[in-house]
Each structure stands twice: as C-alpha cells, then as structure tokens.
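**Student:** Encoded as structure tokens, here's the structure I'll be asking about.
Only the coordinates and a few stated rules stand behind these numbers; no lab work does. In this text the structure is predicted, and so the values were computed from the model without any measurement. Counting neighbours? That spans all protein chains shown, and the Cβs are built from the backbone with ideal geometry, glycine included.
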Amino acid sequence: MCLSIPAKIISIEGENALVSISGMRMNASLSLLSNAKPGDFVLIHSGFAIEIIDREEAEKTLEIVRHIRPIK
Amino acid sequence: MYPFEQYHSKALCQALVDQIHLMADRPLRFMEVCGGHTMAVRKYGIPSLLPDSIMLLSGPGCPVCVTSSLFIDQAIHLAAYDRMTICTFGDLLRVQGTNGSLEKAKTEGKDIRVVLSGLDALEIARQQPEKKIVLLGIGFETTAPTTAATILTARKEKISNFFVLSAHKLMPPAMEAIISEGIPINGYICPGHVTTITGIAMYKKIVENFGIGCVVSGFEPLDLLQTILMLVRQVKANQPKVEIQYSRAVKPEGNPKAMAIIEEVFETVDEWWRGLGILKASGLKPRDSFQDFDASEVFSLPVYEISEPEACICGDILKGLKKPQDCMLYGKNCTPDNPVGACMVSSEGSCQTHYNYAGIN
C-alpha cells in the first residue's frame, strides 16, 4: 500500500511532472515537493512524488556494505 | 544511472549475511510494520538467509488488513445512494464486510471503481459533475498526504461533488500498542516510505519508553539485510536507538511540506485496528473546516457493529502472535482466489504473501 516506485523526471509544468518509470511514461503531481527538477529520481506513491532520491546517499549506503570485511 | 542492481548484489548481500551469522549469538525477534516489507522479506527469501536464532515477524503494516468491517459496510451503504460513484484502491475490493464485499456490491450494479490515485477520483468528479464521487481514503502516513493534497485541489477548484471517507491511520500508536501488549520483540524494522513523510522523531518515544531499537529500512534485499545487521548490533551493544538505513529516501526531518498538508487538512481521531482494537489518536479525519469534503459528515452513515469472519485469526497474525499456517482456514477454505480474512485479501497481507512465496505449509 505504501509501495513507492522510483521514477525519473523528464519535464515539469507547474505542479505536474512527466516521469519515466523504467521507460514507461506517466504524469505525477509535485505538490508534495518543493524543489524537484528534471533529471531527478523521485519516489512516486499514488500519483504523487513524495521524495527526491538522494544519489549520494544511495552510493554511501553501498559503500558502507562494501567495507564489511569478508569472513574467511 | 541510479544504482539499483547493486542493492541486489549477491556478493554484498552475502557479506551482510555472513556478518549477521557471526554477530547473532542469542534469540532475537524483529518486527516489520509495513506491507511492502512483508512482501520483500518473503519475495527475497530473507528468513532462509538468517540464522535460526533470528525470527522476523510481520506486524500491523498492511492498511487493508487492519481496516474494519464497519468501514466496508459504510462504503457499501454509500454506494446505494443515487448517482453515487465509489472510488477505491484495488486491494480493498474483496475485503468482507458484514454482508459481503465492495466487489459483491459492484456485481450487483453499484458504481464502484478502482483508482490508482486520489487524483483519478477527482478527475472523475470533474468530468461528471452530476455524480457524487467518494474516495475511500485508506493507508498510513505515506498515503494520507496524497488524499489531503487531493482535497486541497478540490477546494481550490471549487469541486463540490468530491468527498473522502477516511480510514487513514497513523503508525506509531500501533507500534506502541504491540509493545504494550507484551509481545516480545527486540527491534523494529521501521517502514521506509511512512518515514519518508514523517521523519524519525516519532520513533524516539519507542526507544526511550520501551528500550526497543528502530531502524528505518529500504525494500531491496541489501536494505533489509543491512537493517537486520544494524538491529543485531544495537542489541549486542545494548544501545537501542533510531537509525536510518534507507538514507537515500528518508531524511531525519521527513518531508515537511507533506506533513504540513496532512496537518492542514486532517485531525487525529481514535481508530479501530484489527487485532489491536481502538487506539487513541491513531486515525485521521478531515478537520471541521474541510467537512464539506468529509463523506462521514455530508452523508448520513449508520454505525455498524464490527464483525470478524468466523475462525479467522487475522488479528493475532497482525500482532505477530500467530503465523498464517497456524490458522485452520489457511490454504484450505482461505486462499488468494477465495479469501476469508483481510490478511489473505491483500497482496501485502501476511497470509497472501506467505501463500504466494512459501506455499501452504
């Protein structure tokens, strides 16, 4: 129910965005965000973008796991 | 390119699994309270990767599963009004009320439509001003701001034939109720997208009052395994705290704009949860200033007694007290094709998820 899907913003017109979800295009409302821009990845829930996905943080999370020492 | 594949990396997941096995030296029970996590845990076979000492429990994180028969009965009652269209998210369609489901009402000729967004319901209201459109608002903090924003749009555009019957619920009262009932857990796998909206402040009370750690998790296998490792580490260090594993989508402060919109449109009310009963200030209802959009104010709604399907143990399953396979109906009288209880109706309910990924045993 809280399922939210990452999508890339293609273009913005007012409070509406055209987004791409794995190549499929759809409209999403930006009325719950204040600073989204084309090129951003956002989480789409029930037709609304609810957050911008932070790519630096995404990489940081992976980096932490990469540094876990393997067990021999 | 957003690095999704890496969150499924076998090597990285294995490193986490190895660490968890190394660290886990005592029986531990972690509970997730999000239907998305219930599904992801089963889909990726996470329990099979963990040591026997770690048990994962599913809590009341599926909105359809915790919704009462009263709500379904009221929605069916509304559907009988003249020129009425009921808009609902798909999962709710087959939940049983006292006398049947919305699906049954639809087959009897009532205008009941499945929508993917509140905005779809609003569009129907724009296109058909002669009809009354009621959106069934269910879902937690993730979905509540979308309903609130839809109501604000309706007001702005002066759309007077759009209404919401709200059963929106808030997660923290249910998380506290689980612990207060004495259900033994050692940590919460906190709902990622709920926390995207709310931020983490609401979990501090759980840590401070109950000494139970809270880690906000993403939905990929690497996310879930890393979250479990973080919780194991907290228990071992005897330092329960609030941590964010899902930092790419969750900021400590959440989404203030979405929270402000919830606050503007809704007020809290006491709400009934399957398995937990009535929890104080755990539901959301449109404020008086928005009562023109509140179906429970505009239309006269009977108050029905809440009924539960006979022999269904969904309530205990939602508290982590029983497993789907403990139910005498599971896989026999109750299957995804022919569900009895709400936990088998919803694709993210414990029973349906278990049935889909683990079979009938």
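**Student:** Out of all DSSP beta bridges with both ends in the stretch A:5-66, state the antiparallel percent to the nearest 5.
**Tutor:** 95
**Student:** Work out the length of the dipole vector of the stretch A:5-66 about its Cα centre, built from +1 on the beta-carbon of each Lys and Arg and -1 on the beta-carbon of each Asp and Glu, and round it to the nearest 20 debye.
**Tutor:** With only Lys, Arg, Asp and Glu charged at Cβ, the dipole is about 200 debye.
**Student:** Along the charge dipole of the protein assembly as shown, pointing to its positive end and built from +1/-1 on Cβ of Lys, Arg, Asp and Glu, which listed residue (B:I76, B:G275, B:A148) has its Cα farthest out?
**Tutor:** Highest projection toward the positive end goes to B:G275.
**Student:** Hey, what's the Kirkwood Rh for chain B if you take every pair of different alpha carbons, in angstrom?
**Tutor:** Computed over chain B, the radius equals 21.1 Å.
**Student:** At most 12 other Cβ atoms within 10 Å and a DSSP loop assignment: could you name the trypsin sites (Lys or Arg not before Pro) in the stretch B:288-361 that fit?
**Tutor:** Counting only loop positions with at most 12 other Cβ atoms within 10 Å, the trypsin sites (Lys or Arg not before Pro) in the stretch B:288-361 are B:K332.
**Student:** Then there's this: Can you list residues whose amide H is under 5 Å from B:G139's amide H, if they're 5+ apart or on another chain and H is modeled 1.01 Å from N?
**Tutor:** The list, which skips near neighbours in sequence, is B:K169.
**Student:** Let me ask something else. Taking K and R as +1 and D and E as -1, what net charge do the other residues with C-beta under 14 Å from the C-beta of B:A258 add up to?
**Tutor:** Net of charged neighbours comes to -4.
**Student:** In Å and on Cα atoms, what radius of gyration and Dmax does the stretch A:5-66 show?
**Tutor:** Cα only, the stretch A:5-66: 12.2, 41 Å (Rg, Dmax).
**Student:** Another question, then. How far is the Cα center of the stretch B:208-238 from the Cα center of the stretch B:81-126, in Å?
**Tutor:** Taking the Cα centre of each part, the stretch B:208-238 and the stretch B:81-126 sit 39 Å apart.
**Student:** With chain B treated as a Gaussian network of Cα nodes joined by springs under 10 Å, which of B:A144, B:A15, B:A79 yields the largest mean-square fluctuation?
**Tutor:** Result for chain B, Cα springs under 10 Å: B:A15 fluctuates most.
**Student:** How big is the stretch B:1-64 in terms of Cα radius of gyration and Dmax, in angstroms?
**Tutor:** Computed over the Cα atoms of the stretch B:1-64, radius of gyration and Dmax are 13.4, 40 Å.
**Student:** OK, next. Pick from B:V303, B:V134, B:V114: which residue has the top mean-square fluctuation in a GNM of chain B where Cα pairs under 10 Å get a spring?
**Tutor:** Taking springs between Cα atoms under 10 Å, the residue moving most is B:V303.
**Student:** Select from B:E108, B:E348, B:E308 the residue whose mean-square fluctuation is largest in a Gaussian network model of chain B (Cα-Cα springs shorter than 10 Å).
**Tutor:** B:E108
**Student:** Quote the charge dipole size of chain B about the Cα centre in Debye, to the nearest 20; the model charges only the Cβ of Lys and Arg (+1) and of Asp and Glu (-1).
**Tutor:** 500
**Student:** Across the residues of B:217-226, average count of Cβ atoms on other protein chains within 10 Å?
**Tutor:** 2
**Student:** Restricting the calculation to Cα positions, tell me the Rg (one decimal) and the Dmax (whole number) of the protein assembly as shown in Å.
**Tutor:** 21.3, 71
**Student:** Taking the Cα centre of the protein assembly as shown as origin, sum charge times position over the Cβ atoms of Lys and Arg (+1) and Asp and Glu (-1), and report the length of that vector in debye to the nearest 20.
**Tutor:** With Lys and Arg at +1 and Asp and Glu at -1, about 820 debye.
**Student:** What is the mean number of Cβ atoms from other protein chains located within 10 Å of the Cβ atom of each residue in peptide B:252-263, rounded to a whole number?
**Tutor:** Per residue, the number of nearby Cβ atoms from other chains is 2 on average.
**Student:** Could I ask something else about it? Around B:K236, with a cut-off of 12 angstrom between Cβ atoms, what is the net charge of the other residues, counting Lys and Arg +1 and Asp and Glu -1?
**Tutor:** Residues close to B:K236 contribute a combined charge of +1.
**Student:** Please compute the modelled spin-label separation between B:D292 and B:N361, points set 7 Å along Cα→Cβ, answer in nm with one decimal.
**Tutor:** It works out to 6.2 nm between the two label points.
**Student:** Can you pull the percent of Cα pairs in the stretch B:48-128 with separation above 21 Å?
**Tutor:** Value for the stretch B:48-128 (Cα pairs over 21 Å): 40 percent.
**Student:** Counting Lys and Arg as +1 and Asp and Glu as -1, what is the net charge of the other residues whose Cβ lies under 15 Å from the Cβ of A:E59?
**Tutor:** -3
**Student:** Does a label point 7 Å from the Cα of B:E208, set along Cα-to-beta-carbon, have any residues of the stretch B:246-271 with amide nitrogen under 17 Å, and which are they?
**Tutor:** Zone members listed by number: B:253.
**Student:** So how far apart, in nm, are the two label points at B:K104 and B:A80 if each is 7 Å from Cα heading toward Cβ?
**Tutor:** It is 1.3 nm.
**Student:** Taking neighbour Cβ counts within 10 Å as the exposure measure, how do B:F299, B:F4, B:F140 sort from fewest upward?
**Tutor:** Starting with the residue having the fewest Cβ neighbours, the order is B:F4, B:F299, B:F140.
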